[in-house]
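What follows is a short report on a single structure.
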Amino acid sequence: IGWPANPPPILTVPGPQVLNEQTTLNVTSTAPDADVPANTLTFSLLNPPSGMSINSGTGVISWTPTEAQGPSVNLISVKVQDNGV
């Protein structure tokens, strides 16, 4: 008898956002996970711009770009993983 399958969470991220310098961005990444019982999810950012953060438990991304960071285009990579085996 093998171990039960641990399907990965399905990451959903917000679409493109436009904001001015010194304006706060707050958006949420979500990741439904089909595991029963539910696994704990951990969110992280890969190489975010300076000052950007993500709440590892909720997926909320926050950032207030400085005057020096604009105008610019920033592609953000979000990672989510569960604690299942």
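Pairing residues of segment 10-31 that are within 16 Å of Pro65 (Cβ to Cβ) and at pLDDT 95 or above with residues that are assigned to a strand (DSSP E or B) and not polar (S, T, N, Q), at Cβ distances under 6 Å and at least 6 apart in sequence or on separate chains, gives Leu25/Trp63; Val27/Ile61.
Going by the conditions given, is Ser72 in contact with a Pro (Cβ under 9 Å, 6 or more places away or on another chain) and open to solvent by 50 Å² or more (accessible area, probe 1.4 Å)? Considered against the rule, which asks whether it is in contact with a Pro (Cβ under 9 Å, 6 or more places away or on another chain) and open to solvent by 50 Å² or more (accessible area, probe 1.4 Å), Ser72 comes out as yes. Residues in segment 49-59 that are open to solvent by 50 Å² or more (accessible area, probe 1.4 Å) and under 20 Å from Gln22 (Cβ atoms): Ser50, Gly51, Ser53. Residues of segment 27-48 that are surrounded by 11 or more Cβ atoms within 10 Å (Cβ to Cβ) and farther than 12 Å from Asp82 by Cβ: Val27, Thr28, Ser29, Thr30, Ser44, Leu45, Pro48.
The values are calculated or read from the model by the stated rules, or taken from the named source; none is laboratory data. Since this is a predicted model, take the numbers as computed values, not measurements. For neighbour counting, all protein chains shown are included, and Cβ atoms are generated from backbone atoms with ideal geometry for every residue, glycine included. Accessible surface is based on the protein model in full, side chains and every heavy atom, while ligands, DNA and RNA are left aside. Shrake-Rupley method; radii C 1.70, N 1.55, O 1.52, S 1.80 Å.
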